[in-house]
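One structure is given here, and the rest of the page talks about it.
Bear in mind these aren't lab numbers, they're just calculated from the coordinates by the rules spelled out. As the structure is a computational prediction, the values presented were derived from the model and not from experiment. Here the Cβ positions follow ideal geometry from the backbone for every residue, glycine too, while neighbour counts run over all protein chains shown.
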Amino acid sequence: MIARPPLIPVFDLATFRLLTSRTSGFAASKIITFVALRADDVIVGRYLDAASLGLYVRAYKLMSQPANLYTTVADRVVFPAFSQLQEDLPRLKAAFLRGTNLTAMVGIPLSVLFYVVAPELIGLLLGKDWSGVIPVFSVLAVATYFRIGARVSASLLKATASFRQMIASQVFYAFLTIGLSLFAVQYGLVAVGIAIGCAVIAWFCMVSLMACSVLGLGLGEFIKAHGQGLALAILSGGGSQLIAQAARAEGLSQILILFLVGSFIGCFLLGLVFFKPRIIIGTSGLWIIEQIQDKALRAVRKR
C-alpha cells in the first residue's frame, strides 16, 4: 500500500520474441520426439496383433531404460553444465568429449552385457511366458549405447540453442523410424527390432556429426573418445559371454547364471578401481574413479 507497485500488465515485444524463439524450438523438439518414439508401436499394433505389440513394447521398454535414466540426468545436470559453458568454446568442447568418453565407457559395455544375458534377464524380470521378447530384445540391445550417446549430442545442441540442427535430426529420425518400420513389419517382430536399431544408429551418427560441427570438433577426436568404451566392452563382454555359455552348457538356473556374470563384472570393476590401467580407462576413467574415491572418503570421515 505504501510502495504502490504497478499492477498493470506490461507486454514487451522484444522479450516475447526472444522467449518464443527459444521455447518454440523446445516445444517442436518434444512433439517430434513423441512421434518418433511412438510410431513403431502404432505400426506394430496396426499390422500385427496385440500379442506382438505386447512383446515388442516390453522389449523396447527394457532396452530404453538406460537412455531414459540418462535423460533425467541430462535435464538436471548435463544440459545446465553445457549451457554455462556455451560462450567458452574450448571448455565446452572438452566437456563434450569427456561426457562422450564417460558415456561410452558405461553404455557400450552395457549394450554388450544386455545382449549376452538377454535370455536370463528376460526370464528373471518377466518370467518364462515372455520368452518371445528375447529375440527382439537381443537385437534392440545392440542399439542401447547409441540411444544414450545420441542424447549427449542432443543436450549439446539444446545448450547452444542449435534448434535447427536438433529438429532436423529428429525429423530425420522420425521419418526413418516410420519408413523402416513399415518396411520391416511384414517380416515380423525381429525385423522391426533390427529396423529400429538401424534408425537409432543412423540418428546417433547424424546428431553427433551436427554436435561436432557446432563445436568445430574433428570426427577423429569424437571417434577416439569411444576407444576406452570399446576396450571395456571387449574385455567385460568377452568374459561374460564365456561364463554365460559355460553355465548354460551345465544347465544352471537363470538366477545363478546372472549371479556368476554379475560377480565377474563386479570383480572386473574392482580391478579397474584398484589397478587403474590408464590404457584401458583413459584420463576420464581415472578422473571419475578419483571423484568416487574422494566422495567415499569424505562420507567415511563424516561418520
Exercise. Considering the range 207-252 alone, what residues qualify as being more than 29 Å from residue 162 (Cα to Cα) and charged (D, E, K, R)?
Worked result: 248, 250
For this session: Take residue 159 and decide whether it is over 24 Å from residue 41 (Cβ atoms) and of a type in the set (Gly, Ala, Ser).
Result: yes
Seminar exercise, completed: Over the range 86-114, the set of residues without any contact (Cβ under 8 Å) to a residue 40 or more places away in the chain and surrounded by 18 or more Cβ atoms within 10 Å (Cβ to Cβ) is 95
Problem set entry | Set 83, 111, 24: member being among the hydroxyl-bearing types (Ser, Thr, Tyr) and either under 30 Å from residue 188 (Cβ atoms) or in contact with a Phe, Trp or Tyr (Cβ under 7 Å, 6 or more places away or on another chain) (or both) | 111
Exercise. When you scan the range 38-50, how many residues do you find that are of a type outside the set (D, E, K, R) and without any contact (Cβ under 8 Å) to a residue 60 or more places away in the chain?
Worked result: 3
For this session: Residue by residue through the range 271-301, note down the ones that are aromatic (Phe, Trp, Tyr) and over 22 Å from residue 103 (Cβ atoms).
Result: 274, 275
Problem set entry | Output for the range 57-79, where each listed residue is in contact (Cβ under 8 Å) with a residue 40 or more places away in the chain and within 18 Å of residue 111 (Cα to Cα) | 58, 59, 60, 62, 63, 64, 66, 67, 70, 71
For this session: Answer yes or no as to whether residue 18 is farther than 28 Å from residue 122 by Cβ, exposed (fewer than 10 other Cβ atoms within 10 Å of the Cβ) and not charged (D, E, K, R).
Result: no
Exercise. Which ones in the range 115-130 are touching a residue at least 24 places away in the same chain (Cβ under 8 Å) and among the aliphatic types (A, V, I, L, M)?
Worked result: 116, 117, 121, 122, 124, 125, 126
Problem set entry | Number of the condition not met by residue 72 [criteria: (1) surrounded by 13 or more Cβ atoms within 10 Å (Cβ to Cβ); (2) under 21 Å from the mean Cα position of the chain (by Cα)] | (1)
